[in-house]
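Written below as structure tokens is the structure these notes are about.
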Amino acid sequence: MSESMKNQIREKLENLLPQIKKVTHMITDAEESWTTHYDQNNPEDLYLRGMFYRIGDMLDDANRLLVQTFAEVVDEGELIKQPNGRYSLHERELTSGEPIEYLAPDDDGDRWVLSRIGHNGQDYCLETDRNFSLEELRVRIKYIPR
């Protein structure tokens with residue numbers, strides 16, 4: 001993909017973020033007082049309410065992915081197992097549930113993959129692949145504003 005195409009896609013997606021947030025908030029607000037906005041005796045209104053709710057969930061997921069995609073990388077390096085069994089990146093101890101991106105081998109070339117730190121009952125692992133070793137795994141952490 002050419003740089004200009006990647007930049008165009010990025011720009012379009014970044015421009016979508018405010019609209020996604022606005023529509024998601026509208027759906028949430030309408031749901032909080034749904035009987036004001038939908039006729040509970042009208043099957044079409046109830047259908048729309050349910051569909052809007054599902055769409056809102058998907059838009060919320062899309063918003064989180066877009067924020068993750070464009071977030072600033074604040075640390076990158078190889079994980080080191082500490083004496084307490086946890087893994088750290090440059091003195092920062094990682095715990096279960098913490099989001100990371102790891103460099104994964106791929107037939108098309110290495111790529112960053114979003115995951116979280118998990119635990120398989122014996123050792124810490126990737127939530128997306130509980131058999132994947134974290135030892136010396138190259139990861140990066142992004143700053144996600146709350």
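Which semi-axes, in whole Å and largest first, does the equivalent ellipsoid of the chain have when worked out from the alpha carbon gyration tensor as the square roots of 5 times its eigenvalues?
Each semi-axis is √(5λ); the values are 38, 21, 14 Å.
What are the GluC sites (Glu not before Pro) within the stretch 5-91 that DSSP puts in a loop, where the Cβ has at most 10 other Cβ atoms within 10 Å?
Passing sites in the stretch 5-91 are E91.
Counting C-alpha atoms alone, how compact is the stretch 3-70: give Rg to one decimal and Dmax as a whole number, in angstrom.
15.4, 53
For the chain, what proportion of DSSP beta bridges, expressed in % and rounded to the nearest 5, is antiparallel?
On the way: 23 of 23 bridges.
Antiparallel bridges make up about 100 percent of those DSSP assigns within the chain.
Given the Cα-Cα distance of Q40 and E76 and 0.36 nm per residue of separation, how much length would full extension add, in nm?
Values: separation 36, 0.36 × 36 = 12.96 nm, distance 5.22 nm.
Result for the pair: 7.7 nm of gain on full extension.
Considering the Cα positions of the stretch 73-143, please state its Rg to one decimal place and its Dmax as a whole number of Å.
For the stretch 73-143, the Cα-based Rg and Dmax read 11.4, 37 Å.
Please determine, in degrees from 0 to 90 and to the nearest 10, the orientation of helix 3-32 with respect to the longest principal axis defined by the Cα atoms of the chain, where the helix direction is its Cα long axis.
Here the helix axis deviates by roughly 50 degrees.
Around L134, what is the net charge, scoring Lys/Arg as +1 and Asp/Glu as -1 over all other residues with Cβ under 13 Å from its Cβ?
Net of charged neighbours comes to -3.
Lysine pairs in the chain with Cα distance under 26 Å, only those 8 or more apart or on different chains: how many are there?
9
Tell me which residues come under 5 Å, amide H to amide H, from F132 once H is placed; ignore anything under 5 positions away on its chain.
Residues meeting the amide H criterion: L126.
If you build a Gaussian network model of the chain, linking Cα atoms that sit under 10 Å apart, which residue out of N120, N131, N84 swings the most?
N84
With springs only between Cα atoms under 10 Å, which of S33, S133, S88 fluctuates most in a Gaussian network model of the chain?
Result: S33 has the largest fluctuation of those listed.
Values in this text are rule-based calculations from the coordinates and carry no lab data. Quick caveat: nothing in here was measured; it's all calculated off a predicted structure. Virtual Cβ from ideal backbone geometry, glycine too; neighbours counted across all protein chains shown.
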